[in-house]
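One structure below.
The values are calculated or read from the model by the stated rules, or taken from the named source; none is laboratory data. The structure displayed is predicted, hence computed values, not measured ones. Heads up, the Cβs are rebuilt from the backbone with ideal geometry, glycines too, and the neighbour counts pull from every protein chain shown.
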Amino acid sequence: MAMQTISQAITHARRQCPPIVRIAYAPYRMTSALEALTMIGRAVCPGFVLNADNRWVFENLIRWVHGDAAFECLDPDTRQVRRGNLNAGIYLAGNTGTGKTLALEVLDRYTTIDNVHLYADGTPVRLHWTARGTSDVCDAYQATGDLSPWTDRTVAAFNDLGAEPTQSIHMGNRVDVMRTIIERRADLRSRVTLLTSNYPLSALSTIYGDRVQSRLYEMCNYFELRGQDRRRG
Ligand SMILES: Nc1ncnc2c1ncn2[C@@H]1O[C@H](COP(=O)(O)OP(=O)(O)OP(=O)(O)O)[C@@H](O)[C@H]1O
Ligand SMILES: [Mg+2]
């Protein structure tokens, strides 16, 4: 086959692939997984605990990492438990101090145990992220005018959605940074997005409008962390 034909065939094959394909990292035992996750949690935060407020969320985040078909999440409107979508990302809502940011950090480290990969447009990519605060992302946009570091990355995590300034200005260009990033990542489809927020997903239309909220319903599996502010002991 001529070179051009081969590359056309590869491009064609990639177009036929679903945008995100997850692989099952199984079998595994949930009790061992929770023990490993707790050890990782304690390495990051010595007082790390799993309890009634966070155990179900962590169990399902573990299932999500393993590509386990038993993965469940919450319906963002009714808060009823429902089947999760392994090809979608994670939206973790909760009051301040309930452990959302730490949860994403611990989960990222947990993915290194099995060196978890997914396929994005047919290309293997590590399931790995370094979460950035949305206000930092806005500051970076103001300095560089470039959103591609956050739109191009297959797997990206953002802390504090809804806490950032609505608009950021670069060289006179006003951009709703997080709105634009979410819309682009949704439209590209081969993206996995993890978010933490003090806002439940059902409340996001008041901040970003229906377009962004609707995309997030599709892009993310919804979870809530409950309980006290862990910063207060
Ligand atoms: N499971 C846990 N067990 C014990 N301590 C925890 C746990 N999760 C988080 N913490 C501690 O609680 C504090 C708050 O955690 P974290 O920053 O993750 O909260 P958050 O939900 O992201 O808060 P915010 O909404 O203000 O961003 C941190 O000091 C963290 O180390
Ligand atoms: Mg946080």
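General remarks:
- Leading residue by the ranking (farthest from ligand 1 (Cβ to nearest atom)) among those in segment 115-140 that are more than 23 Å from residue 180 (Cβ to Cβ) and surrounded by 15 or more Cβ atoms within 10 Å (Cβ to Cβ): 122
- Residue count, segment 189-212 (criterion: among the small types (Gly, Ala, Ser), surrounded by 17 or more Cβ atoms within 10 Å (Cβ to Cβ) and more than 16 Å from ligand 1 (Cβ to nearest atom)): 1
- Counted as qualifying within segment 35-140 are the strands (runs of 3 or more DSSP E) with 3 or more residues that are within 15 Å of ligand 2 (Cβ to nearest atom), namely 89-94.
- Looking across 110, 91, one residue alone is hydroxyl-bearing (Ser, Thr, Tyr) and in contact with a strand residue (DSSP E or B) (Cβ under 7 Å, 6 or more places away or on another chain). It is 91.
- Residue tally, condition crowded, with 18+ Cβ neighbours inside 10 Å, hydroxyl-bearing (Ser, Thr, Tyr) and in contact (Cβ under 8 Å) with a residue 60 or more places away in the chain, over segment 101-114: 1
- Selection of segment 217-228 for residues being modelled with pLDDT of 95 or more and either part of a helix (DSSP H, G or I) or not basic (Lys, Arg) (or both) yields 217, 218, 219, 220, 221, 222, 223, 224, 225.
- Of the candidates 186, 143, 163, the single residue that is surrounded by fewer than 21 Cβ atoms within 10 Å (Cβ to Cβ), touching an Asp or Glu at 6+ places or on another chain (Cβ under 9 Å) and modelled with pLDDT of 95 or more is 186.
- Near pairs, Cβ below 6 angstrom, 6+ apart or cross-chain, from segment 192-213 (over 26 Å from residue 152 (Cβ atoms)) to any residue that is part of a strand (DSSP E or B) and not aromatic (Phe, Trp, Tyr): 200/93
- Candidate set from segment 68-86 (those that are crowded, with 19+ Cβ neighbours inside 10 Å and over 24 Å from residue 230 (Cβ atoms)); member that is farthest from ligand 1 (Cβ to nearest atom): 86
- From the options 214, 190, residue that is closer than 23 Å to residue 85 by Cβ, outside any helix (DSSP H, G or I) and of a type in the set (Gly, Ala, Ser): 190
- Any hit, segment 13-25, residues being of a type in the set (Gly, Ala, Ser), surrounded by fewer than 19 Cβ atoms within 10 Å (Cβ to Cβ), out of contact with any Pro (no Cβ under 9 Å at 6 or more places or on another chain) and at pLDDT below 95: yes
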